[in-house]
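A.B. asks: Structure below; questions to follow.
The values are calculated or read from the model by the stated rules, or taken from the named source; none is laboratory data. Note that the structure is a prediction, hence the values are computed from the model and not measured. FYI the Cβ positions are ideal-geometry reconstructions off the backbone, even for glycines, and counts take in every protein chain you see. Protein only, heavy atoms only, side chains kept; ligands, DNA and RNA dropped before computing areas. Shrake-Rupley method; radii C 1.70, N 1.55, O 1.52, S 1.80 Å.
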Amino acid sequence: MPQFPSQPTDNNNSATTDVTPVVALKELVSRLHREQNKIQDLLSSLGFALRSFNNLNQFLELIPLMATRVTDADGSALFLYKPNGQVRLEQLHWQDSRQRKNIRKALETASSQITLLPSSAPLATATGMLDDQMHRYLGPDVQIFGTAILVKHTERGWLYVLSRDPEYSWTETRQKLVRLVADQTAVAIENDELAVELKKKERLDQELEIGAEIQRRLLPRQCPYIPGASVAARCRPANRVGGDYYDFIPTSHSQIYPHNIVNEDSGRWGLVIGDVMGKGVPAGLIMTMMRGMLRGEVLHGNSPAAILQNLNRVMYADLENSHRFITLFYSEYNPQQRLLSYSNAAHNPPLWWHAATKTVSRLDTLGMLIGLDANSQYEDAQVQLEPGDTVVYYTDGLTDAAAASGDRFDEENFVTAFNTACRYCNGPEEIVDYLFDQVQQFIGDDRQNNDDMTLVVLQIE
């Protein structure tokens with residue numbers, strides 16, 4: 001039988017037909033892995049930059065670059081809204097360096113045409129206007145896709161992706177990636193604003209601490225020695241800087257300069273307590289100003305009423321401009337005669353405990369607030385103190401102290417506590433401790449009073 005030649009077997013073609021799909025698939029998977037790794041590396045770099053950069057502008061420079069890389073676009077532009085209502089091209093990245101200058105000029109021109117509408121108008125209107133202007137100045141060859149920069153649910157700008165490829169599509173994956181870059185941009189902006197606010201707060205805290213330190217130094221560091229009497233005092237501000245004021249003022253130059261010859265009146269001491277309406281730095285500044293003026297008035301040798309009258313006239317204009325007033329009780333104690341002279345400018349009347357009768361009375365005169373009327377008149381009064389008598393000067397922070405229920409400590413409770421303290425406490429310091437403890441127990445050991453509290457106790461030995 002004739003032998004027919006066998007049909008050739010195309011092993012190569014067969015192998016090619018069998019292997020090519022596998023190789024193609026492997027290459028596709030490999031390419032996807034490389035793309036995924038590239039995106040992960042880029043986003044990791046962005047996250048590292050967010051954690052590391054202290055300069056917001058340095059971080060924002062990376063944003064268009066990252067947006068371009070993760071979306072395979074030709075470029076990206078970051079626009080931010082400014083406080084004056086303008087839209088500003090903050091950063092731009094464009095792959096082709098030859099076209100970058102023209103693209104930047106077109107985007108800057110487009111953004112300069114936009115002014116944000118009032119907050120009552122929808123922001124979408126402003127965004128649509130920006131899109132229109134970008135299309136107008138970039139031309140039909142450039143496709144634009146954008147996403148908002150949202151800081152605390154407030155639109156602060158837009159991140160755009162730009163492409164000249166007519167086949168470029170704004171896929172869901174690209175949208176998510178740009179949204180992620182935009183979100184990190186928003187975090188960076190918010191972090192920068194928080195850092196600015198923190199610096200402001202630190203500076204304010206430092207200034208408040210300086211103010212508190214100055215005020216602490218202006219208040220008496222220790223009570224004076226007064227023959228035949230003992231004195232104790234305490235001021236507890238509600239804030240670091242308070243509006244309460246107390247002082248012990250020498251009434252003559254001989255007490256300030258002890259080497260001078262002492263006359264019969266040189267032993268008198270001014271005991272004063274006051275309260276500037278309000279709290280915090282403004283009240284503290286007024287208190288500081290009043291202290292200097294009052295000390296100057298005392299050295300003139302006038303009576304308590306004349307001192308208050310002169311002080312009111314001098315401070316009236318400044319207090320009227322600041323819309324604040326001062327309550328003030330000024331007294332002078334003469335240890336040789338145990339005589340207490342005083343005048344009151346609408347302050348809480350000090351309480352006088354009579355050792356002989358174990359009763360309490362008030363020391364008061366008619367008089368208006370300092371700063372209320374430039375022509376206010378004040379009255380003089382005096383009392384003769386006896387051994388064992390005790391006088392307490394206080395501010396309304398103690399009587400107005402409120403418990404959690406809203407109840408006030410009130411003056412009646414304060415009089416009762418003072419009466420008890422005078423009966424059982426040993427000396428002015430213990431009286432001060434007892435009265436503060438009673439008020440604190442009333443408002444609650446874990447609560448702080450909302451007003452400054454000040455006490456001065458004078459006890460005749």
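A.B. asks: Checking the structure you have, find out if any residue of region 226-236 is touching a strand residue (DSSP E or B) at 6+ places or on another chain (Cβ under 9 Å), modelled with pLDDT of 70 or more, part of a loop (DSSP other than H, G, I, E, B) and hydroxyl-bearing (Ser, Thr, Tyr).
C.D. replies: No; the residues of region 226-236 include none that is touching a strand residue (DSSP E or B) at 6+ places or on another chain (Cβ under 9 Å), modelled with pLDDT of 70 or more, part of a loop (DSSP other than H, G, I, E, B) and hydroxyl-bearing (Ser, Thr, Tyr).
A.B. asks: Any idea which of Tyr424, Tyr434, Tyr378 is in contact (Cβ under 8 Å) with a residue 24 or more places away in the chain and aromatic (Phe, Trp, Tyr)?
C.D. replies: Tyr378
A.B. asks: Looking at this structure, is Ala182 small (Gly, Ala, Ser) and in a helix (DSSP H, G or I)?
C.D. replies: yes
A.B. asks: Does Tyr168 satisfy being over 30 Å from the mean Cα position of the chain (by Cα), under 19 Å from Leu80 (Cα atoms) and of a type in the set (Ser, Thr, Tyr)?
C.D. replies: no
A.B. asks: I'd like the residue in region 65-119 that is out of contact with any Leu (no Cβ under 7 Å at 6 or more places or on another chain), within 23 Å of His153 (Cα to Cα) and among the aliphatic types (A, V, I, L, M) and, out of all such residues, is most open to solvent (accessible area, probe 1.4 Å).
C.D. replies: In this case the residue turns out to be Leu117.
A.B. asks: I would also like to ask the following. So which pairs qualify, if the first residue must be in region 385-401 and touching a residue at least 24 places away in the same chain (Cβ under 8 Å), the second must be assigned to a loop (DSSP other than H, G, I, E, B) and surrounded by 24 or more Cβ atoms within 10 Å (Cβ to Cβ), the Cβ gap must be under 7 Å, and the two must be at least 6 apart or on different chains?
C.D. replies: Matching pairs, first to second residue: Thr395/Asp452; Gly397/Asp452.
A.B. asks: List every residue pair whose Cβ atoms lie under 7 Å apart, where the two residues are 6 or more positions apart in sequence or sit on different chains, the first residue falls within region 444-456 and is under 17 Å from Ala233 (Cα atoms) and open to solvent by less than 20 Å² (accessible area, probe 1.4 Å), and the second residue, located anywhere, is modelled with pLDDT of 85 or more and in a loop (DSSP other than H, G, I, E, B).
C.D. replies: That search, which allows pairs on different chains as well, returns Asp452/Thr395; Met453/Thr395; Thr454/Thr395.
A.B. asks: What number of residues in region 158-181 are in contact (Cβ under 8 Å) with a residue 40 or more places away in the chain and either among the aromatic types (Phe, Trp, Tyr) or over 20 Å from Gln95 (Cβ atoms) (or both)?
C.D. replies: So the answer is 4.
A.B. asks: If you go through region 187-223, how many residues are acidic (Asp, Glu) and at pLDDT below 80?
C.D. replies: Of the residues in that region, 4 qualify.
A.B. asks: So which residues in region 332-367 are of a type in the set (A, V, I, L, M) and assigned to a loop (DSSP other than H, G, I, E, B), if there are any at all?
C.D. replies: Ala346, Ala355, Ala356, Leu363, Leu366
A.B. asks: Does region 389-415 hold any residues that are under 17 Å from Tyr434 (Cβ atoms), part of a loop (DSSP other than H, G, I, E, B) and open to solvent by 10 Å² or more (accessible area, probe 1.4 Å), and which are they?
C.D. replies: Phe409
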